[in-house]
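The values are calculated or read from the model by the stated rules, or taken from the named source; none is laboratory data. Owing to the predicted nature of the structure, the values given are computational and were not obtained by experimental measurement. Note that we place each Cβ from the backbone using ideal geometry, even for glycine, and neighbour counts take in every protein chain shown. In case anyone asks, the SASA skips ligands and DNA or RNA and just uses the protein heavy atoms, side chains included. Shrake-Rupley method; radii C 1.70, N 1.55, O 1.52, S 1.80 Å.
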Amino acid sequence: MKRIVNVRELRVNDIPYVGGKGANLGELTSAGFQVPDAFVLTTAAYDYFLEKSKILSKVNKELSSIEKDSDQSLTDASARVRALFEKHEIPSDLMKEILDAYAELFPGERGFVAVRSSATAEDLPDASFAGQQETYLNVSTPEDLLDKVRKCWSSLFTPRAIAYREKQGFSHDDLKLAVVVQKMVNSEASGIIFTVDPNTGREDIIVEAGFGLGEAIVGGEVTPDTYMLNKGHMEIVKKRIATQKWKYVKGADGRTERSDVPKEQQKAQKIDDRFIIELASVGRQIEIHYEMPMDIEWCIEDNKVYIVQARPITAMGGRSDETMIEPADDAVILTTGLGASPGLTSGSVKFYDEGMSLDIVKEGDVLVTTMTMPDMVPAMSRAAAIVTNEGGMTCHAAIISRELGTPCVVGTGNATNVLKDGMVITVDGTSGIVYFGNIIKESVGQTETEVIVAPSVPVTGTKVMVNMSMPNRAEEVAKLPVDGVGLMRSEFLFTNYIGEHPQHVIAEGRSEELVNRLAEGIGKVARAFYPRPVILRTSDFKSNEYRDMKGGLDYEPMESNPMMGWRGCSRYISDSYREAYMCELRAIKKVRDEMGMKNLWVMLPFVRTVEEVEEITEMMRSVGLKRGKDFKLYFMAEVPVNIFMADEFCKYCDAFSIGSNDLTQLVMGADRDSDILGRMGYFDERSEGVKRAISHLIRVAHEHGIPVSICGQGPSVYPEFTEFLVREGIDSVSLNPDTVIKTKTMIASVEQRIMLESMRTKTKQ
């Protein structure tokens, strides 16, 4: 593996080698979004430095010496580890490679770059690692670049990074660090796009904006403007204009420095409406490309929008068990801000300022501070709630609070002035209000406030299931009122549990490792949802995606159109891939038999012919997987032949699950990755042709006693599409976790309307 690679060569599956930032920048570049040029020092460069410096054993010794309950022990060990990195020079041959790549970014001139850490367990769908490693802006000399690369490597072992990994259950041995070196954009304005509201889970687009470089917003040092847009119509529906007195800029000597915002601009809207709408549109296109809600960093220079990062949203509000309050008339509001992480709790204020010991924050305290920093994660994990002066929906306090499930209010402007140490307060992270006293307690004979528990989610005749990606979120997602997992994608297991091409693993004699690691990830989800069914879609990578895996170049062909190429069932039955697929089947068998998770079922993707199905059925039988009462076989319905020959395919499966993305692509002849066709409206699940195909499938399948589900993106995005499905008699829908509550409520409403319409018809007759 190369030690340095241009970002244009990377894709999202390269996380094991270039980390979350590097892989996502490559994915965005390949998809045609405007991304500043960059190169990445891969994990091979990190490994090479460790090998030549011989410090790894010393690092592990320091980590093992940390006392579990001592923040000071953590801080001291971190300092010793970072000192090990500081006193060893980068090997001369690697140093030359770095400087050569830097020179290629700026032929014949001096240029400024951002040097960003990119860890292999960062920006994942189930963990953000927000602020855990370091970033350096406006680096402009070879000496400074080499120094900052080394500092980025050592930042894998900051106290905050070590504590966060412990909290999230990541092994220190499993992480490596890549470094992104990216051309600086001298931002006039910058900010974040959320493609869903991270606090409520609603399908609104949130754009945050501030003057200057984006580090002030991400770090929570300033409170940005917040604009909310309706995703369907791209209309601005709400604005929250913040006061910004200073900004980060590139100084005269090239260093990053603070600069005062002119007084007449401090309370002004940070960007024009046209930019707000353009940013929301770009965000929506990125969400469509990734097929999941996204958190996106942007900046503007010379009226041109650049995307500098995108990652899956790791945590959202809208929890179904949330308690809401209707405060008494005499309830005292102490301060208000932006509800950044939902929930309601009371506790005693513990004021924290820079330089104080984090040990002062005890379990159940309400942490009040100007802004949180990554170093404060240990204290944040103990706090019952968090309130800050500064920050927006994307600041460190907001992101970490949502991951921890801790109520949080940011951007109050005055919390550290009006809240006093020891004061008992109530924090409503949903509405962004801080009250005096514990207004949710009930005293004998007198209720200080009316407590209203959120209404229970209605029962529906249509089963509502959930789409799952990362096993580490299974316990959290399993708390939702769903009937099981309608789609678990095994691709995420390969990218995050294996990280190598399966045939490469097998060729090295590690078949059992492949089986065991797949079983480990599958088992986590099956166990969390037991006894509810978990439908695992076996691997559906395309050849270009497989090629990007470690060892993939040796096994994958170059296809001009991989989306319609060697994928799904055609891959399983081929002589070259059969053994790899058998490992998947053995992992499934292991979870069902050795772990006892009989709720695990299988779904086959991209089914083209009956002959494929017959051969795969025999492969399943050879490992002991047979259709029966407790083992169901689903087919994805995503190729038009599945519709035309539904009566034949019904003989070989227990259910269909519509993949609306690929079905739309193939019915409409519209490349799902084409931004042009997407903007022109060709790729749309609501197209009449797609709806007719779905109607036909449901009718024919039901005639043969076969249920039909849908696991594509459509029901999570378009309410009217969900209503169409319910009226057509869909048996179940599988949704993204953040849309379960609202969609289930809507389904209940549709079912009730259908029942009333039926009653009226009978009455007229």
- Query: in contact with a Pro (Cβ under 9 Å, 6 or more places away or on another chain), among the aliphatic types (A, V, I, L, M) and either modelled with pLDDT of 50 or more or open to solvent by 60 Å² or more (accessible area, probe 1.4 Å) (or both): does that describe residue 444?
  - Reply: no
- Note on the structure: Among residues of region 556-605 being within 30 Å of residue 672 (Cβ to Cβ), of a type in the set (A, V, I, L, M) and assigned to a loop (DSSP other than H, G, I, E, B), the residue most open to solvent (accessible area, probe 1.4 Å) is 558
- Message: So if I check each of 145, 137, which one is among the hydrophobic types (A, V, I, L, M, F, W, C), touching a strand residue (DSSP E or B) at 6+ places or on another chain (Cβ under 6 Å) and part of a strand (DSSP E or B)?
- Response: 137
- Query: Is there a residue in region 4-15 that is part of a helix (DSSP H, G or I), without any contact (Cβ under 8 Å) to a residue 40 or more places away in the chain, open to solvent by 60 Å² or more (accessible area, probe 1.4 Å) and over 27 Å from residue 376 (Cβ atoms)?
  - Reply: yes
- Message: I'd like the residue in region 716-735 that is open to solvent by 20 Å² or more (accessible area, probe 1.4 Å) and either under 22 Å from residue 205 (Cα atoms) or not acidic (Asp, Glu) (or both) and, out of all such residues, is modelled with the lowest pLDDT.
- Response: 717
- What helices (runs of 4 or more DSSP H) completely inside region 364-426 contain at least 3 residues that are open to solvent by 10 Å² or more (accessible area, probe 1.4 Å)? 396-404, 415-418
- Query: Could you count how many residues in region 286-306 are in contact with a Ser or Thr (Cβ under 8 Å, 6 or more places away or on another chain) and among the acidic types (Asp, Glu)?
  - Reply: 4
- Query: Residues that are at pLDDT below 90 and not charged (D, E, K, R): which helices (runs of 4 or more DSSP H) entirely in region 656-715 hold 2 or more of them?
  - Reply: 660-668, 675-680
- Hey, could you check region 212-245 for residues that are open to solvent by less than 30 Å² (accessible area, probe 1.4 Å) and either without any contact (Cβ under 8 Å) to a residue 12 or more places away in the chain or not in a loop (DSSP other than H, G, I, E, B) (or both) and say which is farthest from residue 386 (Cα to Cα)? 229
- Given (1) modelled with pLDDT under 90; (2) of a type in the set (Val, Ile, Thr); (3) in contact with a helix residue (DSSP H, G or I) (Cβ under 7 Å, 6 or more places away or on another chain), residue 217 misses just (3)
- Subset of region 16-33, residues open to solvent by 20 Å² or more (accessible area, probe 1.4 Å) and assigned to a helix (DSSP H, G or I), comes to 16, 17, 21, 27, 29, 30
- Message: crowded, with 20+ Cβ neighbours inside 10 Å, β-branched (Val, Ile, Thr) and in contact with a strand residue (DSSP E or B) (Cβ under 6 Å, 6 or more places away or on another chain): which single residue out of 485, 505 fits that description?
- Response: 485
- How many residues are closer than 23 Å to residue 223 by Cβ and of a type in the set (Asp, Glu) when one looks only at region 350-383? 3
- Message: Of everything in region 618-631, what is open to solvent by 30 Å² or more (accessible area, probe 1.4 Å) and part of a helix (DSSP H, G or I)? Give them in sequence order.
- Response: 618, 621, 622
- Message: Can you tell me how many residues within region 717-732 are of a type in the set (A, V, I, L, M, F, W, C) and farther than 19 Å from residue 231 by Cβ?
- Response: 3
- Message: Out of everything in region 349-363 that is among the β-branched types (Val, Ile, Thr) and outside any loop (DSSP other than H, G, I, E, B), what residue ends up being surrounded by the most Cβ atoms within 10 Å (Cβ to Cβ)?
- Response: 349
- Lone qualifier among 248, 306 - being surrounded by 13 or more Cβ atoms within 10 Å (Cβ to Cβ), in contact with a Cys (Cβ under 9 Å, 6 or more places away or on another chain), assigned to a strand (DSSP E or B) and hydroxyl-bearing (Ser, Thr, Tyr): 306
- Message: Given (1) within 23 Å of residue 26 (Cα to Cα); (2) of a type in the set (D, E, K, R); (3) not in a strand (DSSP E or B), identify the lone condition not met by residue 253.
- Response: (1)
- Query: Within region 45-57, is there a residue that is of a type in the set (D, E, K, R), assigned to a loop (DSSP other than H, G, I, E, B), farther than 23 Å from residue 165 by Cα and open to solvent by 60 Å² or more (accessible area, probe 1.4 Å)?
  - Reply: yes
- Task: Please indicate, with yes or no, whether at least one residue in region 600-615 is closer than 19 Å to residue 488 by Cβ and either of a type in the set (Asp, Glu) or more than 30 Å from the chain's Cα centre (by Cα) (or both).
- Result: no
- Note on the structure: Filtering region 63-76 down to residues that are in a helix (DSSP H, G or I) and either in contact (Cβ under 8 Å) with a residue 24 or more places away in the chain or open to solvent by 40 Å² or more (accessible area, probe 1.4 Å) (or both) yields 63, 64, 71, 72, 74, 75, 76
- Taking into account only those residues within region 532-563 that are without any contact (Cβ under 8 Å) to a residue 24 or more places away in the chain and of a type in the set (A, V, I, L, M), which is nearest to residue 500 (Cα to Cα)? 553
- From the residues in region 541-555 that are assigned to a helix (DSSP H, G or I) and closer than 24 Å to residue 609 by Cα, which one is modelled with the highest pLDDT? 543
- Task: Could you please give the count of residues in region 489-501 that are at pLDDT 85 or above, touching a Ser or Thr at 6+ places or on another chain (Cβ under 8 Å) and open to solvent by less than 30 Å² (accessible area, probe 1.4 Å)?
- Result: 1
- Spot the failing condition for residue 39; the list is (1) modelled with pLDDT of 90 or more; (2) of a type outside the set (Ser, Thr, Tyr); (3) outside any strand (DSSP E or B); (4) surrounded by 23 or more Cβ atoms within 10 Å (Cβ to Cβ), and only one is missed. (3)
- Go through region 606-615 and give me each residue that's open to solvent by less than 10 Å² (accessible area, probe 1.4 Å) and outside any helix (DSSP H, G or I). 606, 607
